[in-house]
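Structure record follows, encoded as structure tokens.
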Amino acid sequence: MAELTTMEAVAGFLTPAILFALMLALHVVFPALRVDGYSHPNTAPAQYRLNGGLVLLVALLIWWFEFGTPMEWLWRVKWHAIAGATAFSIVVSLWLVYREPADARNALVQWLEGRARNAEFMRGIDVKMFLYIFGGGYLALNAVSSAAYHEGLFGESANLGLYLHAAMWVWFVVDYFCFERVQLYTFDIIEERVGFKLIVGCIVVYPCLYPVALWFLADMPAPAIDPAYNTLWLGGSAVVFLAGWIITRGANYQKYTFKRSPEKVFLGLIEPTTITDDNKTILCGGFWGVTRHMNYFGEILLALGMALALGHFDNFWNWIYFVYLTVFFIVRERIDDRRCAAKYGTLWDEYRARTKRRLIPGLY
């Protein structure tokens, strides 16, 4: 931070808002796939514009060819940018929350959790879906910027695992946009309200704090790992990451397929095994018959593969995202269990009896 001039510090503080405006403009201008999302009973399905992959591609090209700023800029101004993103989140949430009618809840709770389930920036621009576009795009740019800074600092003696770690983040985001339509059937889009919690999560936590290991390790030399073990180290990290991706994507896509076509055999292999009370139905086969949240388990494996790739096994920051995500999903699973028990009643009890593990196959 001491190396920045006053103008650079101000520019760093404003960078998240500038990127937000740029990506919003790209989202509005570029052609998009228009689709219906999930509909609640007695309501028409919301319509969405999906072009996140195109927005990401153009944003990465702008960054790669350094139009207006060097590639390592986001790493250099990281702390100012996080402060600016936090301030911007507060402004955006105040605008989006308080333009909606108040309800009976505490005012602070309304601001934190939001008042409306759906909101638009302008006609046809869904707030939640665009926030995910921005969060994913900003995360990918942060990863690329950190790798560029590391390359400039160490050159040929750089940490190959850090490049792999950054590439994993980019893949994580690209995968999200390849399956962007699947997100329309997730709890976040269907039920979560538009409040400060969601907004700061997409503007600060997801893009800036998820890759926190890069903030502390991009200026460190390569770990002391014998080059003879590079294949085992880097290849093993990639295998763990890939296994996590297969589990997460497979579980989410199986549920998405079931919600759209309940009778369809998933990937031509997995029959849609269910339990029902003739009113509500729970998918309990395939990935969802192994644990009640296989998608969360897959994401934990993704985080483990990313930590292993960095190679600084004795460094606290190397493991911070993996530890955070594990704790987060253990807590999230408990919250989900209570919500599902209230929604499905005895049907959920039957599902618990059939699928005994909550998160980790054979263990938990």
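Remarks
- All told, E191 meets the bar of being open to solvent by 30 Å² or more (accessible area, probe 1.4 Å) and closer than 17 Å to R332 by Cα.
- First in region 152-181 and under 14 Å from M220 (Cβ atoms) and outside any helix (DSSP H, G or I), second anywhere and at pLDDT 95 or above and open to solvent by less than 70 Å² (accessible area, probe 1.4 Å), Cβ under 7 Å, 6 or more apart: A158/H150; A158/A222; N159/H150; N159/A222; N159/P223; N159/G311
- Any chance L242 is loosely packed, with under 15 Cβ neighbours inside 10 Å and either assigned to a helix (DSSP H, G or I) or at pLDDT below 95 (or both): no
- Residue ranges of helices (runs of 4 or more DSSP H) in region 270-364 with at least 2 members charged (D, E, K, R): 316-344, 346-354
- Any hit, region 261-272, residues being basic (K, R) and in contact (Cβ under 8 Å) with a residue 24 or more places away in the chain: no
- Just so you know, in region 300-351 the residues that are aromatic (F, W, Y) and under 18 Å from G161 (Cβ atoms) include one that is least open to solvent (accessible area, probe 1.4 Å), and it is Y321.
- Applying the condition of being open to solvent by 60 Å² or more (accessible area, probe 1.4 Å) and closer than 23 Å to G345 by Cα to region 256-272 and asking which residue is modelled with the highest pLDDT yields P262.
- Candidate set from region 111-125 (those that are open to solvent by 50 Å² or more (accessible area, probe 1.4 Å) and touching a helix residue (DSSP H, G or I) at 6+ places or on another chain (Cβ under 7 Å)); member that is nearest to R99 (Cα to Cα): E120
- Check on L61, free of Cβ contacts under 8 Å to residues at least 12 places away in the same chain and out of contact with any Cys (no Cβ under 6 Å at 6 or more places or on another chain): yes
- The set of residues from region 160-213 being out of contact with any Phe, Trp or Tyr (no Cβ under 7 Å at 6 or more places or on another chain) and of a type in the set (S, T, Y) comprises Y163, Y176, T186, Y206.
- Hits in region 200-235 (condition: modelled with pLDDT under 95 and buried (at least 20 other Cβ atoms within 10 Å of the Cβ)): none
Matching residues to (1) surrounded by 12 or more Cβ atoms within 10 Å (Cβ to Cβ); (2) within 20 Å of the chain's Cα centre (by Cα); (3) over 30 Å from E191 (Cβ atoms):
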residue	(1), (2), (3)
T5	no, no, yes
A11	yes, no, yes
P16	yes, yes, no
A25	no, no, no
F30	yes, no, no
F65	no, no, yes
T69	yes, no, yes
R76	yes, no, yes
A81	yes, yes, yes
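- The set of residues from region 70-128 being among the β-branched types (V, I, T) and touching a Pro at 6+ places or on another chain (Cβ under 6 Å) is empty.
- The criterion of being within 18 Å of the chain's Cα centre (by Cα), among the aromatic types (F, W, Y) and surrounded by fewer than 19 Cβ atoms within 10 Å (Cβ to Cβ) does not hold for Y296.
- One residue from G289, G305 being small (G, A, S) and under 30 Å from P221 (Cβ atoms): G305
- Failed item, numbered, when A102 is tested on (1) assigned to a helix (DSSP H, G or I); (2) surrounded by fewer than 16 Cβ atoms within 10 Å (Cβ to Cβ); (3) in contact with a helix residue (DSSP H, G or I) (Cβ under 9 Å, 6 or more places away or on another chain); (4) of a type outside the set (S, T, N, Q): (1)
- Candidates K128, K197 - the one that is basic (K, R) and open to solvent by less than 40 Å² (accessible area, probe 1.4 Å): K128
- Of residues in region 352-364 being hydrophobic (A, V, I, L, M, F, W, C) and within 22 Å of G244 (Cβ to Cβ), the one least open to solvent (accessible area, probe 1.4 Å): L359
The values are calculated or read from the model by the stated rules, or taken from the named source; none is laboratory data. Given the structure is predicted, the values throughout are model-derived calculations rather than measurements. Heads up, the Cβs are rebuilt from the backbone with ideal geometry, glycines too, and the neighbour counts pull from every protein chain shown. Only protein heavy atoms, including side chains, enter the accessible area calculation; ligands, DNA and RNA are left aside. Shrake-Rupley method; radii C 1.70, N 1.55, O 1.52, S 1.80 Å.
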